[in-house]
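See below for the structure under consideration.
Throughout, read-outs are computed from the coordinates displayed, never taken from laboratory work. Quick caveat: nothing in here was measured; it's all calculated off a predicted structure. When we count neighbours, we look across all protein chains shown, and the Cβ atoms used for this are built from the backbone with ideal geometry, even at glycine.
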Amino acid sequence: MGASIVIGARGGIGAALVARLAARPDAGPVLALSRTPPETLPPGVAWGPIDLGDEASIAAAASADLGAPLERVLVATGRLEVLGRPPEKSWRHLEAETLMAAFADNAVGPALVAKHFLPRLPRDRRSVFAALSARVGSIEDNRLGGWYGYRASKAALNQLIHTLAIELARQRPQAVCVALHPGTVDTGLSAPFQGGVSAEKLFTPDFAAERLLSVLDGLGPADSGGFFAWDGTTIPW
């Protein structure tokens, strides 16, 4: 079976994706990539270093010997609070430094991952490249405002994914390249902002991972370039 790579394997959703992939009866090799090693890994899962702020690190990780054709690349990274500052509630809070950091973490890093990993996807079989986005990155769905840097950087990620999918389809017509919204997941990223989230809408990392993989399993080349929620619904750009 094909190999799977999870980038951001030390985070809550990333670790859950690794565990779910490793537990599949038809699981191929699973490579967990993160800046530092996870505290635990499922049996048989290999770990490797990667730093999305260092392109040489990304290129080195992309050259790893997987022992099987690459089937999935899942980018489970992202940052809501950057430089220790909360999301901006008003234009009065906008600062170049924090905006640049948000774009570096949420858009530039995943784009460079695509640069180095997409060429490894097979040309003759289905494969998947997916990155975690967020519903608040939807321009059409924005009704509340605020969270300028996070919204804008996730919107940039969505545009990058859509553009990558167009080029990818010319070279690997069976490939799927999408952005995913996992819902509100009980992780360190969302912890400071869970106060207004009802219990039934606050997902465990394992539930989010199961749902995201299920969504990916149901997508085909015609869906490439899309933005999908954890329940399979399409989110407008």
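Of all DSSP-defined beta bridges confined to the chain, some 5% are antiparallel rather than parallel. When the alpha carbon coordinates of the chain are projected onto the principal axes, the ranges are 51, 39, 36 Å, largest first. Of E88, E71, E39, the residue with the greatest mean-square motion in the GNM of the chain, using alpha carbon springs below 10 Å, is E39. Placing R0 at 25 angstrom, the Cβ-Cβ distance between Q174 and A59 gives a FRET efficiency of 0.50 after rounding to 0.05. Name the lysines eligible as straight-distance cross-link partners of K115: C-alpha to C-alpha under 24 Å, and not fewer than 8 places from it in the same chain. Once the sequence-local lysines are set aside, what remains near K115 is K154. Each residue of segment 106-190 gets 105 Å³ once the volume of the Cα convex hull is shared out per residue. Ordering of 221-227, 12-18 by packing is 12-18, 221-227, highest average first (other Cβ atoms within 10 Å, averaged per residue).
How long is the gain from D206 to E39 if the chain were fully straight, where each residue apart is worth 0.36 nm and the alpha carbon distance is subtracted? Contour length minus the Cα-Cα distance gives 58.5 nm. Summing Cβ point charges (Lys, Arg +1; Asp, Glu -1) relative to the Cα centre of the chain gives a dipole of roughly 280 debye.
If the segment from N142 to A46 were pulled out straight at 0.36 nm per residue, it would be longer than the present Cα-Cα gap by 30.6 nm. Take the Cα of W237, step 7 Å toward its Cβ, do the same at R85, and the gap between the two points is 2.9 nm. Which residue fluctuates most in the GNM of the chain (Cα springs below 10 Å): H116, H93, H162? Evaluated over the chain, the most mobile residue of the options is H93. Approximating the spin labels as points 7 Å out from Cα along Cα→Cβ, the R125-to-R92 distance works out to 5.8 nm.
Once the trypsin sites (Lys or Arg not before Pro) in DSSP loops with at most 14 neighbouring Cβ atoms within 10 Å are cut out of the chain, the longest remaining piece is 144-237. Here the dipole of segment 41-118 is about 240 debye; that uses its Cα centre as origin and unit charges on the Cβ of Lys and Arg (positive) and Asp and Glu (negative).
Ordering G226, V6, L31 by Cα displacement along the dipole of segment 3-229 toward the positive end leaves G226 in first place; charges were set at the Cβ atoms of Lys, Arg (+1) and Asp, Glu (-1).
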